[in-house]
Structures are given as C-alpha cells and as structure tokens.
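I have placed the structure first, in the form of structure tokens, so that the comments after it can refer back to it.
The values are calculated or read from the model by the stated rules, or taken from the named source; none is laboratory data. None of these values were measured; they are calculated from a predicted model. So basically every Cβ, Gly included, is an ideal-geometry build from the backbone, and we count neighbours across all protein chains shown.
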Amino acid sequence: MVTTELIWKLLDQVADPEIPVLTIADLGIVRTVEIIDNKCIVTITPTYSGCPAMHQIEEEILKALSPTITTEVKSTLSPAWTTDWMSEKGKEKLREYGIAPPENEVDKSVLFAKPTVVPCPKCNSKNTRMVSQFGSTACKAHYQCNQCLEPFDYFKCLR
Amino acid sequence: MTVKEALYTYVVRIADDSLILGQRLAEWCGHGPILEEDIALTNISLDLIGQATNLFQYAVTLEDKGRTEDQLAFLRVDREYSNLLLVEQPNKDFGYTIARQFYFDAFRKLFFEALTNSEDTQLAAIAEKSLKETKYHLKHSSEWIIRLGDGTEESHQRIQEAVNFHWRFTHELFFQNEVDKTLIELGIGLDLATLFDDWKNYVSNVLQQATLELPSHSFKLEGGRTGMHSEHLGYLLAEMQYMQRAFPNLTW
Ligand SMILES: [Zn+2]
C-alpha cells in the first residue's frame, strides 16, 4: 500500500535542476500529493512564469515515482509561489552552497530604496552590496561582499 | 460573439503583448550596455514569455480546436496578432527600450492588480502570478527613467526624446471594444478606463522625479488590438517564426 507519506519521502529526493542542493520539497513548489485509485497526482506550482526548469522538474518527479506508482504531474498557478514557502532546512542548505537565502524585503514600490541587507554566505559579513537586481536566473539577484570580496548570488524574495 | 469567444480574444491580447515585448527584449541578449542590464532585460523577457505561455495554454483550451500554445505563438500571420503597437516598436537604443518598458510596466501592474479579482479563476490566477514579476519590472524601468532623466545632459535629452516618441502609443493601452464590454458585464474583464488616472499619476510622478516633461502632444496611434500593425511587426515575426516555418513541428 503506497501512502502519501512515502510519496513525500520520495519527492524529498528530487533535486532542483538549477540548484541541485535543494530538493523540490525544500523549495515549496510541491503543493499537494493525492492518491486516487492507485494513481498518484502531484500538483506543483512554478517559481517564476518563465522558469525553464519546470519541464525538467516534471520529468524528474515522474522518474522518481514511476517505479512505485502510476503518476501524473499537474501544475497550478494559484496561490502563486512565494519564497516564504521555502523550508528552513532549504535556506540553510542554500547558504552552505554559497547562495544567500531570501531575506525579508522592503516594499518594491519604493524606488531607490536601500537594497536589503544580505549577509555574505561565505564570511557572514553584513557589509555587502547589490550589484544587480537581476542575476543568473529569474530567482536570483547579484551581490558582492565588501569584506571578503566574494561575489555571490542572492535568492531574492518573491511575495 | 459568445462569452467564450470574447474571453479567447481577451486572453490572446494579453498573451500577444507579453510575447512580442518578450521577443523585443530578447534582442538585447548579448548587446546590453553593461552586463547587468543584459541580464536584467533578458530576465524580464523570460518572465514575459513565461506569462505568454500560461496565457496561450489557457487560450487553446477556450478555443478547443486542438491547437497548441506553440502554434498560437509561432504560426499565425501578422494580422492575427493583437498586441499593442507600443510593444512592437524597435529597441533603437537603451533609452527607447526603457521608455517603452516604463509605460507598459506602469499599465501592466495596475492591470494585473485589478485582474486578480476577475470572476474567471484561471485569468485571476495568471494575473496573481504575473503581478509579482511585474512589480520587479516596474521598479527596474522606473529607476532607469529617473537615473537617465536626472543624469547627464545627454542622457536627459535622449530619454526625454524616447518618452515623447512612445507617448503616441500609450492611448492604445486603454483600447476597448465589444470584447471588453461583454466581459466587463460578467465581472471577468476590467473597465480599463478606471485605470487611466492611476496610470497617468504614476507616470507623471516618476517623470517629475526624473526632471522630465510629461509629453503634451495629443498625436495618437492605435490599431494593434485589431490586427493593424506597423511595419516593424512583420520583421519581428519573420525572425521569431523562422525555425517553426523552416522546420515545422521542430521541438527542443
Ligand atoms: Zn564575505
């Protein structure tokens, strides 16, 4: 008898293709897991509308679950994903990997607001600066540490 | 016109705006004035193309003729695209690109905010998702308007010229016809006229901070919504559709 607990356990081994230290469960993009008539339906939600990793994530889920149970992956847009759904464990893993996890951010409608203070994931200094609001992928901004000079990615807050 | 037909047209309009502007911004890939802006413009492009994908996926279910989102995006002729004239205007230079983006983002933020209350749950869901991204876009374009306007003598003069040039296309942001009328009555679509004051206030405010003049000329151009485009769209489509036309059904 396959339980949803088992499915969640298997999903916790599916890595995000762009940030492989995070699982899709850490990211909070798996919304629901249902088992209906011996078939599993996993509902996921995209991080950003144009996130190119979504197709691959779907395939990875199918690969992980198919040996255990017939699986269908569905996608839903509402409620829209927010970085608040990222697990604490996930944030810690991000930091260890060298990416600063999302911080509470100021209101985006304030122009030229002082950028959020993002501690350096290498030396933990708060003396860092934002290089660019947009980074290597849709979910990241680009920062640099003024203390140890390390450039780093910041997983920006989406709300 | 049935409600379904009206809704299809409505969804395709929003999708076409995102797709065509996304394609325009993608032309900056590898040509940005600085690396960070190259990345910013292409990130915004990706968000827009992602929004278009969600909208086209919804549109094909409304149409129910077995078409896919890719067929809608790549295999129509120019007269079948309903995007605004504004978004098909050439990039020209960074200032022109930012001015075009600024008018559009300011509208889009208000539009998606209001659309999250649509009686159509899928449209509301797409609006909710897209709004979060649009807030970043608007912050980006607004800050550049101010930097360039309140920058050097040359940047001031060039962004003012770009702001003046695109003004003639902003009237069309608020275009409405029987499609809108049908959907407004059902609480699905928005009365765009209700967004105008907020849009103009926001635009005036940012231009003022940028020490720029709000354009005063009343020369207006429209036609995109009904398929009457400028010559620029044809060239854009020729490039965008090339792969699907040359190698039909090609996939990655
Ligand atoms: Zn450091």
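Restricting attention to the stretch B:227-242, does a residue exist that is within 14 Å of chain A (Cβ to nearest Cβ) and touching a helix residue (DSSP H, G or I) at 6+ places or on another chain (Cβ under 7 Å)?
Checked against the condition, which is being within 14 Å of chain A (Cβ to nearest Cβ) and touching a helix residue (DSSP H, G or I) at 6+ places or on another chain (Cβ under 7 Å), the stretch B:227-242 yields no hits at all.
Here are some residues: B:ASN164, B:ASN201. Which one is assigned to a helix (DSSP H, G or I) and either closer than 18 Å to B:LEU7 by Cα or without any contact (Cβ under 8 Å) to a residue 12 or more places away in the chain (or both)?
Values: B:ASN164 fails: either closer than 18 Å to B:LEU7 by Cα or without any contact (Cβ under 8 Å) to a residue 12 or more places away in the chain (or both).
Among B:ASN164, B:ASN201, only B:ASN201 is assigned to a helix (DSSP H, G or I) and either closer than 18 Å to B:LEU7 by Cα or without any contact (Cβ under 8 Å) to a residue 12 or more places away in the chain (or both).
Is it fair to say A:THR76 is within 14 Å of chain B (Cβ to nearest Cβ) and under 23 Å from A:LEU11 (Cβ atoms)?
Yes.
With the condition kept exactly as written, say whether any residue in the stretch B:87-98 is surrounded by 23 or more Cβ atoms within 10 Å (Cβ to Cβ) and within 12 Å of chain A (Cβ to nearest Cβ).
Within the stretch B:87-98, none of the residues are surrounded by 23 or more Cβ atoms within 10 Å (Cβ to Cβ) and within 12 Å of chain A (Cβ to nearest Cβ).
Among the numbered criteria (1) crowded, with 20+ Cβ neighbours inside 10 Å; (2) under 23 Å from A:GLY28 (Cβ atoms), which single criterion is violated by A:CYS145?
(2)
Return a yes/no flag: does the stretch B:58-66 have any residue that is of a type in the set (A, V, I, L, M, F, W, C), within 15 Å of the chain's Cα centre (by Cα) and more than 9 Å from every other protein chain (Cβ to nearest Cβ).
Scanning the stretch B:58-66 turns up no residue that is of a type in the set (A, V, I, L, M, F, W, C), within 15 Å of the chain's Cα centre (by Cα) and more than 9 Å from every other protein chain (Cβ to nearest Cβ).
In the list A:VAL106, A:VAL117, which residue meets the criterion of being in a loop (DSSP other than H, G, I, E, B), within 19 Å of B:LYS139 (Cα to Cα) and away from the ligand (no atom under 16 Å from the Cβ)?
A:VAL106
So which residues in the stretch A:140-159 are within 16 Å of the ligand (Cβ to nearest atom) and among the aromatic types (Phe, Trp, Tyr), if there are any at all?
Listed by number, the residues that qualify are A:TYR143, A:PHE152, A:TYR154.
Is it true that some residue in the stretch A:129-139 is more than 9 Å from chain B (Cβ to nearest Cβ), crowded, with 19+ Cβ neighbours inside 10 Å, away from the ligand (no atom under 12 Å from the Cβ) and not in a loop (DSSP other than H, G, I, E, B)?
Within the stretch A:129-139, not a single residue is more than 9 Å from chain B (Cβ to nearest Cβ), crowded, with 19+ Cβ neighbours inside 10 Å, away from the ligand (no atom under 12 Å from the Cβ) and not in a loop (DSSP other than H, G, I, E, B).
Of all residues in the stretch A:98-115 being surrounded by 12 or more Cβ atoms within 10 Å (Cβ to Cβ) and among the charged types (D, E, K, R), which is nearest to A:ASP16 (Cα to Cα)?
A:GLU103
Test of understanding: among B:ASP47, B:ASP105, B:ASP16, which residue is within 18 Å of the chain's Cα centre (by Cα), within 22 Å of B:PHE174 (Cβ to Cβ) and either within 14 Å of chain A (Cβ to nearest Cβ) or surrounded by fewer than 16 Cβ atoms within 10 Å (Cβ to Cβ) (or both)?
Details: B:ASP47 fails: within 22 Å of B:PHE174 (Cβ to Cβ); B:ASP16 fails: either within 14 Å of chain A (Cβ to nearest Cβ) or surrounded by fewer than 16 Cβ atoms within 10 Å (Cβ to Cβ) (or both).
Going through B:ASP47, B:ASP105, B:ASP16 in turn, the sole match is B:ASP105.
Table: residues versus (1) assigned to a loop (DSSP other than H, G, I, E, B); (2) out of contact with any strand residue (DSSP E or B) (no Cβ under 8 Å at 6 or more places or on another chain); (3) at pLDDT 95 or above; (4) buried (at least 20 other Cβ atoms within 10 Å of the Cβ).
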{"position": "A:VAL42", "(1), (2), (3), (4)": "no, no, yes, yes"}
{"position": "A:TYR48", "(1), (2), (3), (4)": "yes, yes, no, yes"}
{"position": "A:PRO52", "(1), (2), (3), (4)": "yes, yes, no, no"}
{"position": "A:HIS55", "(1), (2), (3), (4)": "no, yes, no, no"}
{"position": "A:ILE61", "(1), (2), (3), (4)": "no, no, yes, yes"}
{"position": "A:GLU72", "(1), (2), (3), (4)": "no, no, yes, no"}
{"position": "A:SER78", "(1), (2), (3), (4)": "yes, yes, no, no"}
{"position": "A:TRP81", "(1), (2), (3), (4)": "yes, yes, no, yes"}
{"position": "A:GLY90", "(1), (2), (3), (4)": "no, no, no, yes"}
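Kindly indicate which of A:ARG95, A:ARG31 is surrounded by 15 or more Cβ atoms within 10 Å (Cβ to Cβ), away from chain B (no Cβ under 14 Å) and not aliphatic (A, V, I, L, M).
Working: A:ARG31 fails: away from chain B (no Cβ under 14 Å).
Testing whether each residue is surrounded by 15 or more Cβ atoms within 10 Å (Cβ to Cβ), away from chain B (no Cβ under 14 Å) and not aliphatic (A, V, I, L, M) leaves just A:ARG95.
I need the full set of residues from the stretch B:193-239 which are of a type in the set (Gly, Ala, Ser) and either under 21 Å from B:ILE159 (Cβ atoms) or exposed (fewer than 12 other Cβ atoms within 10 Å of the Cβ) (or both), in order please.
B:ALA193, B:SER204, B:ALA210, B:SER216, B:SER218, B:ALA238
Hydrophobic (A, V, I, L, M, F, W, C) and either in contact with a strand residue (DSSP E or B) (Cβ under 9 Å, 6 or more places away or on another chain) or surrounded by 15 or more Cβ atoms within 10 Å (Cβ to Cβ) (or both) - does that describe any residue in the stretch B:241-248?
The answer is no; no qualifying residue exists.
When only residues in the stretch A:148-159 that are within 13 Å of another protein chain (Cβ to nearest Cβ) and part of a loop (DSSP other than H, G, I, E, B) count, which is surrounded by the fewest Cβ atoms within 10 Å (Cβ to Cβ)?
A:ARG159
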